[in-house]
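Inspection log for the structure reproduced underneath, given as structure tokens.
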């Protein structure tokens, strides 16, 4: 029992240190680029990006249920590493669960947590290794591409979002039409500040679709009651 307590104490000690260092490192990069190299993009651009991200994934910042679930399934070491590197649900958590599947259910918690940490660490290593290869190869490819083709790369991000939108449109065309209409409306409303348009469009689309779905559900319930 004492060995297990020492293990978890050291995990939390180093986990807090590494996450704190990561926060300082990323903030340091932003401060260096903004105020030392004079590459600050402007507060309006930063606020626009922040509000757009907050409207989309801001709920995960206070989603304690996910954090508790990760901690129970992966243990503290794997949770610290997953929080730092991201891709928790689609990469880190499956890797941790696959590693834990090697032991029986009656095995101790500490053994399962250690295996989960090894699984997540392996996932991070493989992910980082291939990302480095792609980054190096990508830079080489970009250097030999003609300028006309490079200008076409500006359409990659719109094309990706268009493909995602089309994919979700096949699942629920009504939601897609309503969302697209709201985005176009907000975009052409000049009285909405530019840094608030993305945030406003996302929130308005979510609210509108919730209202439509609730209205459809009430109509369905009323029709069933009539029969």
Next on the checklist: Treating only the Cα positions of the chain as identical point scatterers, give the base-10 log of I(q)/I(0) from the Debye formula at each q in 0.11, 0.12 Å⁻¹.
Outcome noted: -0.92, -1.05
Checklist entry - Label residue 54 and residue 221 with points 7 Å out from Cα along Cα→Cβ: what is the distance between them in nm? => result 3.4 nm
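Compute the orientation-averaged projected area for the range 64-144 from the convex hull of its Cα atoms and round it to one decimal in nm². All intermediate terms of the calculation are to be shown ahead of the outcome.
Numbers: hull surface 23.9 nm².
Value for the range 64-144: 6.0 nm².
How large is the direction-averaged shadow of the alpha-carbon convex hull of the range 146-227, in nm²?
Details: hull surface 30.8 nm².
Taking the Cα atoms of the range 146-227, their convex hull projects to 7.7 nm² on average.
Give the peptides 146-152, 50-56, 73-79 in descending order of average Cβ contacts within 10 Å, highest first. Write out the running numbers ahead of the final one.
Numbers: 146-152: 9.0, 50-56: 15.9, 73-79: 23.7.
Order by mean packing, descending: 73-79, 50-56, 146-152.
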Next on the checklist: At a threshold of 8 angstrom on Cα-Cα distance, excluding pairs fewer than six apart, so keeping six or more, what relative contact order does the chain reach in percent?
Outcome noted: 22 percent
Item to check | Order by protection proxy (mean Cβ within 10 Å, highest first), peptides 10-16, 189-195 | outcome: 10-16, 189-195
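Values in this text are rule-based calculations from the coordinates and carry no lab data. Small disclaimer: the values here were computed from a predicted structure and weren't measured. In this analysis, Cβ positions are derived from the backbone assuming ideal geometry, glycine residues included, and neighbour counts consider all displayed protein chains.
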